[in-house]
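In what follows, a structure is listed as structure tokens, so that the remarks can point back to it.
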Amino acid sequence: LCEHPDARVVLLGTPTRGSPAITRLLCAQEPTLRSLALLDLRHGQKQLLQTIANFPGVLELLPDDENFRFFEPATWTEIAAAAGSDFVPPQNAALRNALALRKELNETALDPERVLYVAGCADRTPIQLEIVKRGRRGGRVEFHATSEGDGRVPWETGIPPEFTAYYASAIHGDLADDPPTFPALLD
């Protein structure tokens with residue numbers, strides 16, 4: 001943070017403990033991935049995932065999850081059996097590097113007196129992956145959703161527990177471009 005004593009930082013829907021939307025992206029179920037594949041005339045969805053699955057900034061946003069350890073290769077082996085043909089697991093080294101940064105970030109204290117958290121609101125935000133078994137044919141990956149999030153980041157994994165959260169009537173991608181909230185942010 002800036003060293004000025006009056007400086008404030010505003011976190012707009014920041015996934016401080018990761019985002020299940022990243023897992024949904026890596027399982028080829030994120031609408032954004034389908035849109036990218038339609039726009040890219042040279043690469044299909046699987047080819048795009050081969051790049052995305054090892055991009056450090058993506059893996060660093062994997063969620064903290066009590067049911068799945070997303071920074072461990074064994075988890076991705078389990079998911080691969082159910083995720084389908086477009087699935088591309090992250091490389092082990094990329095997962096290790098992402099975990100190292102996440103540990104460092106988790107150990108960095110944020111001062112609730114100088115940092116404000118603004119959460120967005122959406123009808124559905126992915127919160128949890130579930131592998132649904134289907135006998136011999138493997139299974140499928142499903143995502144549960146909540147109304148307590150901004151469409152990308154659930155409040156549970158975004159808002160640090162020691163912070164007071166402020167809420168805006170905007171989805172994740174619009175939090176920085178929501179004119180009705182500008183006066184409150186300046187205040």
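Observations, loosely collected:
- Backbone amide hydrogens, once placed in the peptide plane, bring L116 within less than 5 Å of V9, V10, L11, excluding anything fewer than 5 places away on its chain.
- V132-D177 pseudo-label distance in nm [points 7 Å out on the Cα-to-Cβ vector]: 3.4 nm
- One compactness figure for the range 127-187 is 1.63, namely its Cα radius of gyration divided by 2.2 N^0.38 Å.
- Each peptide in 24-36, 96-108 receives the mean, over its residues, of other Cβ atoms within 10 Å, and ordering these scores from highest gives 24-36, 96-108.
- Relative contact order (percent, whole number), the range 89-183, Cα cutoff 8 Å, 6+ residue spacing: 29 percent
- P(r), alpha carbons of the range 95-148 - 10 Å bins starting at zero, rounded %: 17, 21, 38, 17, 6, 1
- Here the spin labels are modelled as points 7 Å beyond Cα on the Cα-Cβ line, and at Q91 and R42 they lie 2.0 nm apart.
- Average silhouette area of the chain, convex hull of alpha-carbon atoms, in square nanometres: 12.3 nm²
- Helix axis angle, 73-83 relative to the chain longest principal axis, alpha carbon, degrees: 70 degrees
- Accessible surface of the range 71-130 [probe 1.4 Å, protein heavy atoms]: carbon and sulfur percent: 50 percent
- Take every Cα pair under 8 Å whose residues are at least 6 apart in sequence, average their separation, divide by the length of the chain, and the relative contact order is 28 percent.
The values are calculated or read from the model by the stated rules, or taken from the named source; none is laboratory data. Model, not experiment: these values are computed from the prediction. So basically every Cβ, Gly included, is an ideal-geometry build from the backbone, and we count neighbours across all protein chains shown. With ligands, DNA and RNA removed, areas are computed over all heavy atoms of the protein, side chains included. Shrake-Rupley method; radii C 1.70, N 1.55, O 1.52, S 1.80 Å.
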